[in-house]
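Undergrad: My questions will all concern the structure given below.
The values are calculated or read from the model by the stated rules, or taken from the named source; none is laboratory data. Owing to the predicted nature of the structure, the values given are computational and were not obtained by experimental measurement. Cβ coordinates were reconstructed from backbone atoms using ideal geometry, including for glycine residues, and neighbour counts include every protein chain displayed. The accessibility values were calculated without ligands, DNA or RNA, using every heavy atom of the protein model including side chains. Shrake-Rupley method; radii C 1.70, N 1.55, O 1.52, S 1.80 Å.
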Amino acid sequence: MREVIKSKISIGAVLLSLAVLVVNTAVHGAIFIFFRNTALNPLITAVLAVLWGVLGVYFLYYTLNWAAEKYPDHLRGKILPYIFIGPAAILLGWLLIIPALRTFYLSFFNASSDRFIGFGNYAAIFSDRLLGVALRNNLLWVFIGTLACVSLGLLIAILADRSSYERIAKAIIFMPMAISFVAAGVIWKFIYYYQPGDEQIGLLNAIVMFFGGEPQAWTSMLQPWNNLFLIVILIWMQTGFAMVIFSAAIKGVPDDILEAARVDGAGEIRIFGRIIIPYISATILTVTTTIIVFTLKIFDVVMVMTGGQYDTEVVATQFYRQFFMYRNFGYGSTLAIVLLIAIIPVIIINLRQFRRQGGW
């Protein structure tokens, strides 16, 4: 008898859950159609959309949680986690997974996406000179940019940790993280600015001329080493990020271990190499893989500084040109998939490290 009652309760709870989902879908669908078909003042539309977002999320979770409370205790604990992560997972699938699958599908078609050509686009990218230049430049960004950011961030974190001006130094070095890559590109475009003649408004050329040197077009000459002047911008921005993460990890090294090493006669360099580095190795790996992802998908700085000219093209700028400027949807989609394939191994490494640290 008790099992029959439990079964009826479960069936009722399932029906109630379905009803809640239907009501939420109907309500939010009606609001979406209203916004799409009604020509309101843009300011009013923005305010109403924000209210819908806040109140809508609250209503969604409240009703789903209310429906979950109707289940027996042994089922409620299993259902509640999915209720809270379910909407986010669905949204991520809609905004990330579905577009990625559609891009992968388009990569097998021609420029206008009306004729299937199989792996033709994938064969073409390996014979494209511009893509070869873009891949070479991406490797420069990955190796030089990542190595410099991680090394400088770790060095500054160690030195700042022993300084009485730690807060001021960290604030100054972290400050570039507060601006976007586009804004950073504009700032450094004025620093590298070059014009023919003796009058230079670019900071770097003004300094060079002050010491008797000749002004240079830093971002257009000395190819491919002009890429290094662009990588400096990444280093300027991401060193602060690496420094903050490393500083927090270094402060987590137990003081008694450091004091014991000093008592045993170990110098600071040996302590750094034998104790601190192994202790924060997981943090170093996480910061390194994070910056590698940044460098693989670098776009803003190159687009603002050179527009991809003078052999500074990277995969992301090549994708932008093919897809949005030349309207070659098949080739552009193939470049996007190549970039995605390059990033996936780095993300997997990050997730494995996160799991080892007990992230899930």
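Undergrad: Show the residue pairs meeting these rules: Cβ distance below 6 Å; 6+ apart or different chains; first residue within the stretch 168-195 and over 17 Å from residue 243 (Cα atoms); second residue open to solvent by 80 Å² or more (accessible area, probe 1.4 Å) and modelled with pLDDT under 90.
TA: From the stretch 168-195, the pairs are 191/203; 193/201.
Undergrad: Take the residues in the stretch 325-344 that are farther than 17 Å from residue 298 by Cα and out of contact with any Leu (no Cβ under 8 Å at 6 or more places or on another chain), then tell me which one is least open to solvent (accessible area, probe 1.4 Å).
TA: In this case the residue turns out to be 334.
Undergrad: Would you point out which residue out of 164, 151 is surrounded by fewer than 16 Cβ atoms within 10 Å (Cβ to Cβ), hydroxyl-bearing (Ser, Thr, Tyr) and either touching a Phe, Trp or Tyr at 6+ places or on another chain (Cβ under 7 Å) or not in a helix (DSSP H, G or I) (or both)?
TA: 164 is the lone residue from the list that is surrounded by fewer than 16 Cβ atoms within 10 Å (Cβ to Cβ), hydroxyl-bearing (Ser, Thr, Tyr) and either touching a Phe, Trp or Tyr at 6+ places or on another chain (Cβ under 7 Å) or not in a helix (DSSP H, G or I) (or both).
Undergrad: Then there's this: Quick one: residue 220 ticks every box in (1) surrounded by 12 or more Cβ atoms within 10 Å (Cβ to Cβ); (2) at pLDDT 85 or above; (3) among the small types (Gly, Ala, Ser) bar one, so which box is it?
TA: (2)
Undergrad: How about the stretch 190-201: which of its residues are part of a loop (DSSP other than H, G, I, E, B) and either under 31 Å from the mean Cα position of the chain (by Cα) or among the basic types (Lys, Arg) (or both)?
TA: 192, 193
Undergrad: Take residue 67 and tell me if it is among the small types (Gly, Ala, Ser), surrounded by 15 or more Cβ atoms within 10 Å (Cβ to Cβ), touching a residue at least 24 places away in the same chain (Cβ under 8 Å) and not in a helix (DSSP H, G or I).
TA: No, not satisfied.
Undergrad: Hey, among 93, 118, which residue is outside any helix (DSSP H, G or I) and open to solvent by less than 50 Å² (accessible area, probe 1.4 Å)?
TA: Being outside any helix (DSSP H, G or I) and open to solvent by less than 50 Å² (accessible area, probe 1.4 Å) holds for just one of 93, 118, which is 118.
Undergrad: Of the conditions (1) touching a Ser or Thr at 6+ places or on another chain (Cβ under 9 Å); (2) open to solvent by less than 70 Å² (accessible area, probe 1.4 Å); (3) of a type outside the set (Gly, Ala, Ser); (4) not in a helix (DSSP H, G or I), residue 75 clears all except one; give me its number.
TA: Only one criterion in (1) touching a Ser or Thr at 6+ places or on another chain (Cβ under 9 Å); (2) open to solvent by less than 70 Å² (accessible area, probe 1.4 Å); (3) of a type outside the set (Gly, Ala, Ser); (4) not in a helix (DSSP H, G or I) is unmet by residue 75, namely (4).
Undergrad: Cβ-Cβ below 8 Å, separation at least six or inter-chain, first residue in the stretch 74-89 and assigned by the TED database to the domain that holds residue 59, second open to solvent by 70 Å² or more (accessible area, probe 1.4 Å): which pairs?
TA: Filtered contacts from the stretch 74-89: 76/69; 87/57.
Undergrad: Would you check which residues across the stretch 312-339 are under 20 Å from residue 182 (Cα atoms) and not aliphatic (A, V, I, L, M) and list them?
TA: Correct list: 312, 313, 317, 318, 319, 320, 321, 324.
Undergrad: Return the residues of the stretch 99-115 that are open to solvent by less than 100 Å² (accessible area, probe 1.4 Å), out of contact with any strand residue (DSSP E or B) (no Cβ under 9 Å at 6 or more places or on another chain) and under 18 Å from residue 341 (Cα atoms); say none if nothing qualifies.
TA: 99, 100, 103, 104, 106, 107
Undergrad: Condition test on residue 80, is it of a type outside the set (Phe, Trp, Tyr) and under 30 Å from residue 322 (Cβ atoms)?
TA: Judged against the criteria, residue 80 is not a match.
Undergrad: Here is a further query. Looking at the stretch 253-290 only, could you name the residues that are farther than 20 Å from residue 347 by Cα and either surrounded by 14 or more Cβ atoms within 10 Å (Cβ to Cβ) or in contact (Cβ under 8 Å) with a residue 12 or more places away in the chain (or both)?
TA: Listed by number, the residues that qualify are 253, 257, 258, 261, 266, 271, 272, 274, 275, 276, 279.
Undergrad: Among the residues of the stretch 131-147, which ones are touching a Leu at 6+ places or on another chain (Cβ under 8 Å) and either aliphatic (A, V, I, L, M) or under 15 Å from residue 318 (Cβ atoms) (or both)?
TA: 131, 138, 140, 141, 142, 144 - these are the residues of the stretch 131-147 that are touching a Leu at 6+ places or on another chain (Cβ under 8 Å) and either aliphatic (A, V, I, L, M) or under 15 Å from residue 318 (Cβ atoms) (or both).
Undergrad: Another one. Identify the single condition in (1) assigned by the TED database to the domain that holds residue 277; (2) at pLDDT 90 or above; (3) within 30 Å of residue 310 (Cα to Cα) that residue 103 does not satisfy, given that it satisfies every other one.
TA: (1)
Condition check ((1) over 14 Å from residue 240 (Cα atoms); (2) open to solvent by 60 Å² or more (accessible area, probe 1.4 Å)) across all residues:
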| position | (1), (2) |
| --- | --- |
| 126 | yes, yes |
| 139 | yes, yes |
| 142 | yes, no |
| 145 | no, no |
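Undergrad: Further question: Filter the stretch 50-64 down to the residues that are loosely packed, with under 13 Cβ neighbours inside 10 Å and among the aliphatic types (A, V, I, L, M) and list them by number.
TA: Answer for the stretch 50-64, where residues must be loosely packed, with under 13 Cβ neighbours inside 10 Å and among the aliphatic types (A, V, I, L, M): 50, 51, 54, 55, 57.
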